[in-house]
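The values are calculated or read from the model by the stated rules, or taken from the named source; none is laboratory data. Computed from a predicted structure; not experimentally measured. Cβ: placed from backbone, ideal geometry, glycine included. Neighbour counts: every protein chain shown.
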Amino acid sequence: MIIVFMGPPGAGKGTQAQKLSSAFNIPALSTGEMFREAIKAQTPTGLKAAEYVNAGNLVPDEVVVGIVEERILQPDCANGFILDGFPRTLNQAEALDKLLEKHNLTLDHVFCLDVDEEEIVRRQAGRLVAPKSGRVYHVSSNPPAVAGVCDESGEELVQREDDKEDVVRHRLHVYSEQTEPICAYYERKDMLERIDGMQGVDEVFADLSSRVRSKMAA
Ligand code: AP5
């Protein structure tokens, strides 16, 4: 099962990718998370990516495609994987098709979560993340059991560098300019599944998981 998640920043891609990952036992691969980890560890990729990520711009395609190919060839991806935040440009979408063809793999779902701009700003202003486990919370709509602490790892929750309102608005602009156009690419292939991301976390998850189950049963 290979799934792509698209949608504007803060639409809930990471939240739903993690839930599907637990339910269907396939890894959720977030390119944003890979970059944040590389930046923290100051690896060569992290050093290249930092200026783009912190300003809310896209990291160059060749850097992204390289880390995705390396990751999907790991043994835990043998039964499938969920791509959260990749592809994000037409070049990346075409590169993904080539990668899948090269490794004899097929894409099963391309989900796009639709959420309006003010809700996106609200969601990101209240977002808290666990830096090590990568789990995502929201102060009011998806709070941890104990305020400020990750339910899973017990680590302290923090706010992301790129969640400041001006950077969020810039990321939304980048999304509409560079990523939204690839919806048409998947529409032409009759693969795009638009999901109402304005619903609550559980309702969105119920919609997604029933689509995944029907495809598995087909
Ligand atoms: P990335 O980490 O992918 O950021 P993003 O796409 O901007 O998405 P977010 O992680 O901000 O949001 P999300 O949709 O996952 O929402 P979440 O579930 O957290 O990328 C960061 C940066 O890395 C990019 O700007 C770029 O620089 C670089 N990058 C990454 N991939 C790249 C690529 N392919 N090419 C080039 N550069 C790349 O939810 C948000 C909040 O809302 C949370 O608080 C959550 O609890 C809450 N929430 C979620 N769902 C709901 C709901 N249904 N109702 C109410 N609240 C909800």
Quiz item: Just one of the numbered conditions (1) out of contact with any helix residue (DSSP H, G or I) (no Cβ under 8 Å at 6 or more places or on another chain); (2) at positive phi is not true of GLU177; which one?
Solution: (2)
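Take the conditions modelled with pLDDT of 95 or more, within 12 Å of the ligand (Cβ to nearest atom), surrounded by 18 or more Cβ atoms within 10 Å (Cβ to Cβ) and assigned to a helix (DSSP H, G or I) and apply them to LEU113. Does it pass?
Values: modelled with pLDDT of 95 or more: yes; within 12 Å of the ligand (Cβ to nearest atom): yes; surrounded by 18 or more Cβ atoms within 10 Å (Cβ to Cβ): yes; assigned to a helix (DSSP H, G or I): no.
No; evaluated as a whole, the condition is false for this residue.
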Quiz item: Given GLU180, GLU161, GLU203, GLU156, which one is away from the ligand (no atom under 13 Å from the Cβ) and of a type in the set (D, E, K, R)?
Solution: GLU156
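Residues checked against (1) in contact with a helix residue (DSSP H, G or I) (Cβ under 9 Å, 6 or more places away or on another chain); (2) at pLDDT 95 or above; (3) of a type in the set (A, V, I, L, M, F, W, C):
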position: VAL59; (1), (2), (3): yes, yes, yes
position: GLU70; (1), (2), (3): no, no, no
position: ILE82; (1), (2), (3): yes, yes, yes
position: HIS109; (1), (2), (3): yes, yes, no
position: GLU119; (1), (2), (3): no, no, no
position: PRO131; (1), (2), (3): yes, no, no
position: ARG135; (1), (2), (3): yes, no, no
Exercise. Would you confirm whether any residue within the stretch 116-137 is acidic (Asp, Glu), free of Cβ contacts under 8 Å to residues at least 24 places away in the same chain and closer than 15 Å to THR15 by Cα?
Key: no
Exercise. Consider ARG211 carefully, then state whether it is in a strand (DSSP E or B), surrounded by 12 or more Cβ atoms within 10 Å (Cβ to Cβ) and either in contact (Cβ under 8 Å) with a residue 40 or more places away in the chain or among the hydroxyl-bearing types (Ser, Thr, Tyr) (or both).
Key: no
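To keep it simple, each residue is scored yes or no on (1) surrounded by fewer than 18 Cβ atoms within 10 Å (Cβ to Cβ); (2) at pLDDT 95 or above; (3) not basic (Lys, Arg).
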position: PHE5; (1), (2), (3): no, yes, yes
position: PRO9; (1), (2), (3): no, no, yes
position: LEU29; (1), (2), (3): no, yes, yes
position: MET34; (1), (2), (3): no, no, yes
position: ILE39; (1), (2), (3): no, no, yes
position: GLY46; (1), (2), (3): yes, no, yes
position: GLY56; (1), (2), (3): no, no, yes
